[in-house]
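These notes concern the structure reproduced below.
Where a number appears in this text, it was derived from the coordinates with a stated rule and is not lab data. Predicted model, so just to flag it, every value in this text is computed and none were measured.
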Amino acid sequence: MIGRQRNHAGRHLALLGLLLCMSRPFLAHAVPMVNDPNGFQNLSWGTTLTARPDLEVTRGGQHVNEYQLRDSPPLFAGIPVESVRFLSVDEQFARVTIRYQGDDRHRQILTYLEQQFGSIERVPGQMMRGLNQQYNWRGTDTEINLTYHANTQRGFIFIDSRTLAPRFNDQMADSAD
């Protein structure tokens, strides 16, 4: 009886391990970026966002501020998205976060990113579809990370200044004390 319970528990652990492996995000290696934009939509990294009349503060803080476009719907590459947020750290533009929903939008956005910044490396046997997908492009000044959750059809894009975005971590560590 005890041997049968161990065998049964062993199968459950193996199944749990398999499920965890399948649900983990697919982590693509960062593709070397072509056409590094050194910012976003003609805004260079490090620019002060406070004086821009087309942006409004959505969340203010001592070191980190979040902005959105004041009078226009959120778009990325002409594709409607749920939100586009511009973040600054110590008054320097350092990150853009984009949220979107839907498989069609995901395909459009991924196609745009590949056309603009370089094709995703497709290695034989590599899973390009799954519950969680992650794609990365890394340039000299900019890094783009796209994560897509197929089960909820939700996507997130982070476009970061490679020199300024690490300061967000510094601010979080300072505020945790």
Practice task
Compute the whole-percent fraction of alpha carbon pairs in segment 26-176 spaced more than 23 Å apart.
Solution key: 38 percent
Problem - P(r), alpha carbons of segment 25-110 - 5 Å bins starting at zero, rounded % - result: 3, 12, 20, 22, 19, 14, 8, 1
